[in-house]
Amino acid sequence: MAGSRSNTLIVPQASQALNQMKLEAAQELGVTLPADGYYGNISSREAGSLGGYITKKLVQIAEQQLSGGFR
């Protein structure tokens, strides 16, 4: 597994939507995202909060799609 990337997008066209979701999550959680794109200075707690929030939202979207409806 050396050298493989687990964060490669399966649907590259989703990149913009995922970036927008990340910005919205950061704003809602009060996390300041770095302008230069380097996340090394973000605390583990903030990074975990962002990841958890985004995962929760993605699961909600998937559940809505599977049930055939949107709110």
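Which residues, counting only those in the range 29-57, are assigned to a helix (DSSP H, G or I) and farther than 15 Å from Asn19 by Cβ?
Result: Leu29, Ser44, Arg45, Glu46, Ala47, Gly48, Ser49, Gly52, Thr55, Lys56.
Filter the range 20-71 down to residues that are among the β-branched types (Val, Ile, Thr) and within 9 Å of the chain's Cα centre (by Cα), then give me how many there are.
Looking only at that region, the number is 2.
I need a count of the residues in the range 34-71 that are surrounded by 10 or more Cβ atoms within 10 Å (Cβ to Cβ) and over 19 Å from Ala14 (Cβ atoms).
The number of residues fulfilling the criteria is 8.
Only one of these conditions is not met by Ala26: (1) assigned to a loop (DSSP other than H, G, I, E, B); (2) in contact with a Ser or Thr (Cβ under 9 Å, 6 or more places away or on another chain). Which number is it?
For Ala26, the failing item is (1).
Only the coordinates and a few stated rules stand behind these numbers; no lab work does. Remember, it's a predicted structure, so these values are computed and weren't measured experimentally. Neighbour counts run over all protein chains shown; Cβ positions are idealised from the backbone, glycine included.
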